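I have placed the structure first, in the form of structure tokens, so that the comments after it can refer back to it.
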Amino acid sequence: MGNIRDITEVSKSTHDEYAYQRFVSILRKKILMDYSKDMRTIYDTRVGPAFEKRNGRAPTGREIRKEMLHEPQFEAWSALRHTAQQMTWWSIQPAVERSLQEMIEIAKEIAEQNPAGGSINLDSEIKIPREVTDLDVHLMPGCFHTEYSDDDVAQGAVYHHGTTVFSGGLPHRKNSKGDVARSIANFVNLRFPDLKPKRILDLGCTAGANTLPYLEVFPDAEIDAIDVGAPVLRFAHARAEAEGKKVHFHQMNAETPTFEDKSFDLITSSFFFHEVSVAATKRIISENYRMLKPGGLMLHMELPPNSEVDPYYEFYLDWDAYYNNEPHYQAFRDMDFPAAIAECGFKPEDYVQFRIPNFGTTDNKEFEDNARGNETERRDHGNGAVWFTFGGFKK
Ligand SMILES: C[S@@+](CC[C@H](N)C(=O)[O-])C[C@H]1O[C@@H](n2cnc3c(N)ncnc32)[C@H](O)[C@@H]1O
């Protein structure tokens, strides 16, 4: 394994490119953490009270959006956020392009050797869902699936390096990748010590950031990870093998997975469901139920449903649905989560949801207290401080 090169280390930014990336990270922090507070103040002091005076009641999230659309503060904030989102990808593309051929060679070589014992199984016949092919999700040029050359890994590299810039200014995100998986894995280990998952499935794994940390907590588990995009999977596999992490990556639609019934103890995902339609969500959860072993747990990290947040936050989260090419985001959060999983085979009483503090930036005792059921402080999902998760046990 000594001569295996880490695909994540190949793209080197120039001094000026790095300065640009830092600028984008800090700009995003300003937008999300500082300017958004100014916008909230305008809502709290003027827009909200004016609505209440006219209507004799507080507005819903949708109504807040209608009101805020006319506010110059929202227009400026939204334009800035949209531009910063595009700049995130632009800031890393030149370095990825310069190193692309080398990364492709590394991924090919690793796929022949599989030094850590994992694998990659691509399906050239796969029909990639419209949710991925019809628009550039997150404004990422080429989305998750586009292949510009044979054996392409570009989209995996763009996503991997772009997300570093994307979250680089946020206090709960800037230290490590894989925060969500690390948080879920540690939480599950503490909260359900008897589960001891032997086989784990990660859906919509993209570049594998939130797949690999399951092996830190459950080193003996067998891990499968699926995605529809070949370039992201090639990158994920090369990276996992270089890190000595044995994961089996598959190009597979989560709506029609080919794993056998009762295969997995834990089925998970992160930032996945809000990108698929509600109809597809239900097909995927039904398949999760089929693939879980009795006693197994499905636990997905996602944005909290609208029933869990105040109307202003609902309006705030809707931004991505309108401007970040995530059209299913709003309908997903409108869903009644316990009812939805009950439609898919789970018993209503076996529904679970947790707000898991971010493992890497939370004091150990606080994390453990939370995992053992004593939620010390109710914090909002956002900027990585806490991860909303939902799912169910198959009894
Ligand atoms: C936002 S990304 C997930 C990010 C990733 N889990 C992480 O934490 O870094 C959503 C991923 O889901 C994949 N995807 C979308 N629809 C899918 C489907 N029906 N089956 C499998 N993967 C899908 C996309 O290709 C994309 O890679």
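Taken together, the values in this text are just the output of simple stated rules run on the coordinates, not laboratory data. The structure presented is a predicted model; accordingly, all values stated were derived computationally and were not measured. Quick reminder, even Gly has a Cβ in these numbers, built from the backbone with ideal geometry, and neighbours come from all protein chains shown.
From the phi of every residue in the range 9-18, what ³J(HN,Hα) in whole Hz does the Karplus formula 6.51 cos²θ - 1.76 cosθ + 1.60 yield, where θ is phi - 60° and glycine or proline is x?
9, 7, 6, 10, 7, 6, 3, 5, 5, 5
Please list, short to long, the whole-number percent of alpha-carbon pairs of the chain in consecutive 20 angstrom bins beginning at zero.
27, 59, 14, 0
Can you show me the helix-derived [θ] at 222 nm for the chain, built from DSSP H runs with n ≥ 4 at -39,500 (n - 2.57) apiece and divided by the number of residues, rounded to the nearest 500.
On the way: 17 runs with 173 residues, N = 395.
The helix contribution divided over the chain gives -13000 deg cm²/dmol.
Taking 45 Å as R0, compute the FRET efficiency from the Cβ-Cβ separation of Y148 and K53 and round it to 0.05. Each step should come with its number before you reach the end.
On the way: r = 55 Å, r/R0 = 1.23.
The computed FRET efficiency comes out at 0.20.
Calculate one ³J(HN,Hα) per residue across the range 357-373 by plugging θ = phi - 60° into the Karplus curve 6.51 cos²θ - 1.76 cosθ + 1.60, and present them in order as whole Hz with x for glycine and proline.
x, 5, 4, x, 10, 10, 3, 3, 5, 4, 4, 5, 4, 4, 5, 8, x
Return the sequence-ordered ³J(HN,Hα) values of the range 115-126 in whole Hz as given by the Karplus equation 6.51 cos²θ - 1.76 cosθ + 1.60 applied to θ = phi - 60°, using x for Gly and Pro.
Computed from phi, the couplings for the range 115-126 are x, 8, x, x, 7, 9, 10, 9, 10, 5, 8, 4 Hz.
Using DSSP to call loops (not H, G, I, E or B), can you name the GluC sites (Glu not before Pro) in the range 218-285 whose Cβ has at most 12 other Cβ atoms within 10 angstrom? Can you show the working numbers first?
Details: sites: E222, E241, E243, E255, E260, E275; in loops: E243, E255, E260.
When the GluC sites (Glu not before Pro) of the range 218-285 are filtered for loop state and at most 12 Cβ neighbours within 10 Å, E260 remain.
Name the shape class, rounded, prolate or oblate, that the alpha-carbon gyration tensor gives for the range 168-267, where a ≥ b ≥ c are the square roots of its eigenvalues, rounded holds for a/c under 1.5, and otherwise prolate holds if a/b is larger than b/c and oblate otherwise. Please list the in-between numbers first.
Values: a/c = 1.67, a/b = 1.05, b/c = 1.59.
In terms of gyration-tensor shape, oblate.
Quick query: amide H of D123 versus all other amide H atoms, modeled in the peptide plane; which residues come in under 5 Å with a sequence gap of 5 or more or a different chain?
Result for D123 returns Q251.
With r defined as the distance between the Cβ atoms of E112 and K347 and R0 fixed at 56 Å, what FRET efficiency is calculated, to the nearest 0.05? The partial results should precede the final answer.
Working: r = 46 Å, r/R0 = 0.82.
According to the calculation, E is roughly 0.75.
Using 0.36 nm times the number of residues separating F23 and D44, minus their current alpha carbon distance, what extension gain do you get? Present the calculation step by step, with values, prior to reporting the outcome.
Working: separation 21, 0.36 × 21 = 7.56 nm, distance 3.01 nm.
Here the segment from F23 to D44 would lengthen by 4.6 nm.
Under 16 Å from a label point 7 Å along Cα→Cβ of H82: give me every residue in the range 286-320 with its amide N that close.
Under 16 Å, as judged by backbone N against the label point of H82, lie 318-320 of the range 286-320.
With both partners inside the range 167-393, how many of the DSSP beta bridges are antiparallel, as a percent to the nearest 5? Mind dumping the intermediate values first?
Details: 12 of 32 bridges.
Restricted to the range 167-393, the bridges split so that about 40 percent are antiparallel.
For the range 1-93, count the residues as N, evaluate 2.2 N^0.38 Å, and divide the Cα radius of gyration by that value, please. It would help to have the intermediate numbers written out before the result.
Details: Rg = 20.2 Å, N = 93, 2.2 N^0.38 = 12.3 Å.
Compared with the compact-globule rule of thumb, the range 1-93 sits at 1.64.
Counting pairs of Cα atoms in the range 23-175, how many percent are more than 24 Å apart?
Every Cα pair in the range 23-175 considered, those over 24 Å come to 54 percent.
Over the chain, what is the mean sequence separation of C-alpha contacts under 8 Å (at least six apart), divided by residue count, expressed as relative contact order in percent? Intermediate results must be reported in sequence, preceding the final value.
Working: 700 pairs, mean separation 72.1, N = 395.
Contact order relative to length: 18 percent.
Taking 0.36 nm per residue of separation and subtracting the Cα-Cα distance, what length does fully extending E9 through T133 add?
Numbers: separation 124, 0.36 × 124 = 44.64 nm, distance 2.86 nm.
Using 0.36 nm per residue and subtracting the Cα-Cα distance, I get 41.8 nm.
Pairs K196/K365; K127/K262; K30/K196; K108/K198; K66/K394: which exceed 31 Å Cα-Cα?
Pairs exceeding 31 Å: K30/K196; K66/K394.
When a/c reaches 1.5 or more, the comparison of a/b and b/c decides; with that in mind, is the range 167-393 rounded, prolate or oblate per its Cα gyration tensor?
Values: a/c = 1.19, a/b = 1.10, b/c = 1.08.
Taking the square roots of the gyration eigenvalues as a ≥ b ≥ c, the range 167-393 is rounded.
Under the rule of at least 5 residues apart or a separate chain, name every residue whose amide H is placed under 5 Å from the amide H of E222.
R199, I200
What is the gain in length, in nm to one decimal, between Q101 and N189 on full extension, counting 0.36 nm per residue of separation less the C-alpha to C-alpha distance?
Working: separation 88, 0.36 × 88 = 31.68 nm, distance 4.05 nm.
Result: 27.6 nm gained on full extension.
Roughly what % of DSSP beta bridges within the chain run antiparallel, to the nearest 5? List each step's numbers first, then the result.
Values: 12 of 35 bridges.
DSSP beta bridges in the chain are roughly 35 percent antiparallel.
Compute the relative contact order of the range 167-393 as a whole-number percentage, counting only Cα pairs closer than 8 Å that sit 6 or more residues apart in sequence. Walk me through the numbers before you get to the answer.
On the way: 417 pairs, mean separation 51.0, N = 227.
Reported relative contact order: 22 percent.
Would you please give the residues with an amide H less than 5 Å from that of V247, counting only those at least 5 places away or on a separate chain, with H modeled from the backbone geometry?
For V247, the qualifying residues are G118, S119.
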